[in-house]
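Written below as structure tokens is the structure these notes are about.
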Amino acid sequence: GATSWTSITGISGVSFAEDDYINKARSSEIAQEIDVYRGTASQAVMRKLGAVATACPGYTDPQTGSRATVSEKASPRFAEGGYVITVTDPAWRSGTTLVAARAGTAVVTVLSTDGADNGRASAMRLASQLVSVLQGVT
């Protein structure tokens, strides 16, 4: 899915904004994306993102030949729905966490490899900030 995980849902938005940051010294990445949809399409995107680990519980990493594992949990932290998806592989230095959250017709996704927790804390923090701004809560 690279950094645009919403594309795996097959549902296209009407607009998006994204940015990606890499810390070469720590070999970590954090990427953010906001996709906006018409009508109730953002709800359908979230349903499909909520089934990622069921559809693909693991895969073979083409670069290392090792087996990556995909795990997923719903996140009650986000009032309009959210998921925390983590991909780990024993051959990697750190796992990758994607946090997806809905705010009205927008879906926020934050991907992170920053930190000893596979990027979970930094992804949750940035996703929470973005959702708050989109909901008009600061």
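Quick look at the numbers
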{"quantity": "With every protein chain in place, the chain: carbon and sulfur % of accessible area (1.4 Å)", "calculated": "53"}
{"quantity": "Fraction of alpha-carbon pairs over 11 Å apart in region 1-45 - percent", "calculated": "69"}
{"quantity": "Length released on extending from SER66 to GLN135, taking residue separation times 0.36 nm less the Cα-Cα span", "calculated": "20.8 nm"}
{"quantity": "Translational diffusion of the chain, µm² s⁻¹ [Kirkwood Rh, Cα pairs; Stokes-Einstein; 4 °C; 1.567 mPa s]", "calculated": "86"}
{"quantity": "Residues of the chain: accessible area per residue with a 1.4 Å probe, Å²", "calculated": "54"}
{"quantity": "Nearest-ten-degree value, helix 120-134 long axis tilted from longest Cα axis of the chain", "calculated": "20"}
{"quantity": "Within the chain, helix-based [θ] at 222 nm, where runs of 4 or more DSSP H residues each add -39,500 (n - 2.57), nearest 500", "calculated": "-6000 deg cm²/dmol"}
{"quantity": "Three-way shape label, region 1-78, alpha-carbon gyration tensor, a/c 1.5", "calculated": "oblate"}
{"quantity": "Length-normalised contact order of the chain in % [C-alpha pairs under 8 Å, at least 6 apart]", "calculated": "21"}
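The values are calculated or read from the model by the stated rules, or taken from the named source; none is laboratory data. Small disclaimer: the values here were computed from a predicted structure and weren't measured. Just the protein is used for accessible areas: all its heavy atoms, side chains included, with ligands, DNA and RNA removed. Shrake-Rupley method; radii C 1.70, N 1.55, O 1.52, S 1.80 Å.
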